[in-house]
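The next block holds one structure in the form of structure tokens; read it before the comments.
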Amino acid sequence: MTELTVITDMRAPIGRCFDLARSIDAHVATVEGTGERAVAGRTSGLIELGESVTWEARHLGVRQRLTSRITMMDRPTFFQDRMERGAFWSFEHDHLFEEQREGVTRMTDALRFSAPGGPIGWAFERLVLGRYLRRFLIARGAALREIAEGEGWQRFVTNS
């Protein structure tokens, strides 16, 4: 199992950051290069505890589907999604939010995953997937920060 942690600080209220991170529409807007789209379950709006979403996207040159469910939520500080179906052996993503100082929210993405395929999968997980997913989370965090700190957040959430 590989564990990754990516931290993104945003000059925006914690509630706004939390809601943007669970917005299906904001997710699609922040990962445009993958062609990612929600195709089943919750396909727009804010995903809630117990709901699932099936994503279809192209990652590492391969079109894939991944279904995840929100298994824990404590608004506005934490939610977790877990893969129910997809290419990984396991995939669990914690989203943590903390107020750092006046007007700054720290978003921590803590991702744990393992690839199938025995020794070859283990090597691929460490040599390719880990780096790819770290870059993916960094880019997504930067895109969320840009939305949260500007006026764009209003397209995805209200009253945050």
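Structure values in brief
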quantity: Accessible area of the chain belonging to carbon and sulfur atoms, whole % at 1.4 Å probe; calculated: 52 percent
quantity: Table column - 3J(HN,Hα) (Hz), region 124-140, Karplus curve with 6.51, -1.76, 1.60, x for Gly and Pro; calculated: 4, 4, 7, 8, 10, 4, x, 5, 4, 5, 4, 4, 4, 5, 5, 5, 5
quantity: Hz values of 3J(HN,Hα) by residue in region 65-70 - Karplus curve (6.51, -1.76, 1.60), Gly and Pro given as x; calculated: 10, 9, 9, 10, 10, 7
quantity: Solvent exposure of the chain as accessible area per residue, Å², 1.4 Å probe; calculated: 52 Å²
quantity: Hull volume in cubic angstrom per residue (convex hull over the Cα atoms of region 72-111); calculated: 61 Å³
quantity: Listed residues 138, 29, 90: farthest to the positive end of the dipole of the chain (Cβ charges); calculated: 90
quantity: Those GluC sites (Glu not before Pro) in region 68-123 that DSSP places in a loop and that have at most 10 other beta carbons within 10 Å; calculated: 102
quantity: Dimensionless Rg ratio for region 1-134, taking C-alpha atoms and the 2.2 N^0.38 Å reference; calculated: 1.06
quantity: Two-site label geometry, residue 110 and residue 63: point separation in nm, points 7 Å out along Cα→Cβ; calculated: 3.7 nm
quantity: Size of electric dipole in the chain: Cβ of Lys, Arg +1 and of Asp, Glu -1, about Cα centre, debye, nearest 20; calculated: 500 debye
quantity: Nearest-0.05 FRET efficiency for residue 85 and residue 122, computed from C-beta distance (R0 25 Å); calculated: 0.75
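The values are calculated or read from the model by the stated rules, or taken from the named source; none is laboratory data. Given the structure is predicted, the values throughout are model-derived calculations rather than measurements. Please note: Cβ atoms are built from the backbone with ideal geometry, for glycine as well, and neighbour counts cover all protein chains shown. Surface areas here come from the heavy atoms of the whole protein model, side chains and all, with no ligands, DNA or RNA. Shrake-Rupley method; radii C 1.70, N 1.55, O 1.52, S 1.80 Å.
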